[in-house]
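Structure record follows, encoded as structure tokens.
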Amino acid sequence: MSRDIPLPDPEITGPCVEVGPAVMYPVDGNYGPAREVCMRCPARDDCLEHALAVREPDGMWGGVDPPGRERIRRQRVLARTQPQGVLDVGWL
Ligand code: SF4
């Protein structure tokens, strides 16, 4: 598997290269094995930021599956749009 991602060091190669697309893009939606692969990767943070920046729709990136990336993206949008000084007191 080859991924065109900005790694922090050109010498770093993500372990996803070794396992192939069947693991990183599971057709059955089981992202467990792919997540385990990413947990061993030194480029995880940069990989996730890249996937968020380009709104990568498929596959496991940075240890986060597509629904997880969408949640992060929405949380960041909310954090940017909430007025400063307003606390989220959802229990009130
Ligand atoms: S974080 Fe995961 S998908 Fe990204 S380069 Fe590393 S192993 Fe590959």
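Throughout, read-outs are computed from the coordinates displayed, never taken from laboratory work. From a predicted model like this one, the values you see are computed outputs, not experimental measurements. Here the Cβ is made from the backbone with ideal geometry for all residues, glycine too, and neighbour counts use every protein chain on show.
With only Lys, Arg, Asp and Glu charged, each at its Cβ (+1 for the first two, -1 for the last two), find how big the charge dipole of segment 16-80 is about the Cα centre; round to the nearest 20 debye. Don't skip to the end; give the middle numbers.
Values: 10 positive and 10 negative charges, 86 e Å.
Computed charge dipole of segment 16-80: roughly 420 debye.
Projecting each Cα onto the charge dipole of segment 16-80 (Lys/Arg +1, Asp/Glu -1 at the beta carbon, about the Cα centre), which of 47, 37, 17 comes out farthest on the positive side? Sorting the options by dipole projection puts first 47. At full extension, residue 74 and residue 45 could sit 8.6 nm farther apart than now, given 0.36 nm per residue minus the alpha carbon distance. Couplings 3J(HN,Hα) for segment 52-64, derived from phi with the Karplus relation 6.51 cos²θ - 1.76 cosθ + 1.60 (θ = phi - 60°), are 5, 5, 9, 6, 4, x, 10, x, 8, 9, x, x, 10 Hz, where x marks Gly and Pro. A convex hull fitted to the Cα coordinates of segment 16-80 yields 81 cubic angstrom per residue.
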